Amino acid sequence: MSTIFADAWLITMNERREVLESASVCVEKDRIIAVSTRKDLEKRFPAAEIVDCKGRIVMPGMVNTHTHLFQTLMKGLGDDMVLKKWFTCMTGPSGVHLTPEDAHAAALHGCVESIRSGVTTLVDFMYVHTRPGMIKAVVEAFDETGMRGFVCRGFISLGEEYGVPRKLIEKPEDAIGDARKQMRRYNKPGARVQVGVAPNMIWAVDEKGYRLTRKLADEEHALITTHLAETTFELQTAASRYGQTDTEFLSEIGFLGPDVLAAHCVHCKPHDIRILRHHDTKVAHNPCSNLYLASGCPPIPEMLMAGVTVGLASDGPASSNNHSLFQAMKFAALMQKGFHQDATIITAEKVLELATIDGARAVGLEKEIGSIEPGKKADLVVIDFNNAFMTPIHHPVSAIVYSALGNEVTTVMIDGRFVMRDGVVNSVNELGVQRQAQISADDLARRSGSDKFKKRPWRSMAI
């Protein structure tokens, strides 16, 4: 069965970055097979179903290069805290009480939320493993919703002195052994969902954990993701423990490489950026989270100028409060312009690249996704711009990055399958997913004691 998305304002993200008016795309099975005019494609594929996209934008599905789906249940509980306090007072204790059932409910909701905002590929960093079955719970949510992506088996191997709950700490060999088991279970050739590995951060993982991660990734050809230089506390910890930055340390022990996706990199200095470029290590930029947790403004323009590949991300909803890459795109542009006091420092076009083709490159899938070209996977998003927020419209990329709210997405196809059509998520029962997520969120907050943050006093100022 073939499908033609007809007469769209088409943002291809191909090498020429063509933006085509009244263009059409033909999909057959799970692949894009042609880009042309409606008349031409109807003649070549007379049996194809026609999806009328006149008055709409069609663009590649976006790639969210860093999130924690389990945190979907914790939205709004960690407001007005820096990262260390946020983790030790709310997120960590909540994680201790997380069950696979909670993780599944959270992942389902997070995937639906992502689909609704035009995301077709997710990198989930799952570092809570107090009970068996966490990875399975998340992979099943990906399967049910039709989401593409990576479920990364994260772990914490130390940090009790910094407030990490003891129950979250694992022996690195145990965590790596489980990661290997999950990879061999799920990582089949061409699989839509793959398992990666994710040592958490420099103050929560020992050297052995990083070395074992590198060995596992080499043997299993798996994606690695980790937090890097997110806060000044991380730099202080690395300096006291290793006498260098976390970037320098991970380079020295042979951990960094082209298969490593480093989240945040807020406090990377010029030397650190050169190290990232040398190893072709990729970066996941989380603008909303970096502002929410007051971590700072990462040197994204400097990374881009150095040739570092940067993808865009939402981070977990406990530290950005949703999975919207539309919000992340706008913040990614505006924070750099304001910080540098330079309106030209980053463009809407570059930000859209971060969310699509550069995100695909960051996870090693640029030959499969990230642009609308014949031969690539059919991961497509349809945006209805006929609303008061996006109109009047002059330039579609500007309208997407600066004007759209994110709820303009009407139809999403992943791997040639409609997972949302005409505003209706058809892969799962969306209302049921929302209800279960609320039940799980309330119950988890009660069990962990995080419900105290629900009834906080009114604070006009946080002093």
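Filter the stretch 384-394 down to the residues that are in contact (Cβ under 8 Å) with a residue 12 or more places away in the chain and assigned to a loop (DSSP other than H, G, I, E, B) and list them by number. Phe385, Asn386, Asn387, Phe389, Met390 - these are the residues of the stretch 384-394 that are in contact (Cβ under 8 Å) with a residue 12 or more places away in the chain and assigned to a loop (DSSP other than H, G, I, E, B).
Rundown of residues vs (1) open to solvent by less than 10 Å² (accessible area, probe 1.4 Å); (2) in a helix (DSSP H, G or I); (3) in contact with a strand residue (DSSP E or B) (Cβ under 8 Å, 6 or more places away or on another chain), yes/no style:
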site	(1), (2), (3)
Ser94	yes, yes, no
Ala107	yes, yes, yes
Ile115	yes, yes, yes
Thr120	yes, no, yes
His129	no, no, yes
Pro132	no, no, no
Lys136	no, yes, no
Val139	yes, yes, yes
Cys152	yes, no, yes
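Each residue in the stretch 169-202 was checked for being in a loop (DSSP other than H, G, I, E, B) and either over 19 Å from Glu140 (Cα atoms) or in contact with a helix residue (DSSP H, G or I) (Cβ under 6 Å, 6 or more places away or on another chain) (or both), and 5 pass. When you check Leu365 against the structure, is it closer than 15 Å to Val397 by Cβ and either open to solvent by 10 Å² or more (accessible area, probe 1.4 Å) or at pLDDT 95 or above (or both), yes or no? Criteria not met by Leu365.
Listed here are the residues, each with its yes/no results for (1) modelled with pLDDT under 95; (2) in a strand (DSSP E or B); (3) aliphatic (A, V, I, L, M).
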{"residue": "Ile346", "(1), (2), (3)": "no, no, yes"}
{"residue": "Arg361", "(1), (2), (3)": "no, no, no"}
{"residue": "Ile400", "(1), (2), (3)": "no, no, yes"}
{"residue": "Thr410", "(1), (2), (3)": "no, yes, no"}
{"residue": "Arg435", "(1), (2), (3)": "no, no, no"}
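Scanning the stretch 416-463 for residues that are of a type outside the set (Ser, Thr, Tyr), open to solvent by less than 40 Å² (accessible area, probe 1.4 Å) and touching a His at 6+ places or on another chain (Cβ under 8 Å) returns Val433, Ala437, Leu444. Of all the numbered requirements in (1) in a loop (DSSP other than H, G, I, E, B); (2) over 21 Å from the mean Cα position of the chain (by Cα), Lys208 misses one, and that requirement is (1).
Return a yes/no flag: does the stretch 377-385 have any residue that is of a type in the set (Gly, Ala, Ser) and either open to solvent by 10 Å² or more (accessible area, probe 1.4 Å) or closer than 19 Å to Ser324 by Cβ (or both).
Going through the stretch 377-385, the residues of a type in the set (Gly, Ala, Ser) turn out to be 378.
Cutting the leftovers down to either open to solvent by 10 Å² or more (accessible area, probe 1.4 Å) or closer than 19 Å to Ser324 by Cβ (or both) gives us none.
The answer is no, given that none of the residues of the stretch 377-385 is of a type in the set (Gly, Ala, Ser) and either open to solvent by 10 Å² or more (accessible area, probe 1.4 Å) or closer than 19 Å to Ser324 by Cβ (or both).
Would you please list the contacts, defined by Cβ atoms under 6 Å and residues six or more apart or on different chains, that run from a residue in the stretch 105-133 that is under 26 Å from Ile400 (Cβ atoms) to a residue that is aliphatic (A, V, I, L, M) and in a helix (DSSP H, G or I)? These pairs meet every condition: His109/Val433; His109/Ala437; Gly110/Leu69; Cys111/Ala141; Val112/Val433; Val119/Leu325; Asp124/Leu69; Asp124/Val138.
The values are calculated or read from the model by the stated rules, or taken from the named source; none is laboratory data. Keep in mind that what you see is a predicted model, and the values were worked out from it rather than measured. Reconstructed Cβ throughout: ideal geometry from the backbone, glycine too, with neighbour counts over all protein chains shown. The area values use the complete protein model at the heavy-atom level, side chains included, leaving out ligands, DNA and RNA. Shrake-Rupley method; radii C 1.70, N 1.55, O 1.52, S 1.80 Å.
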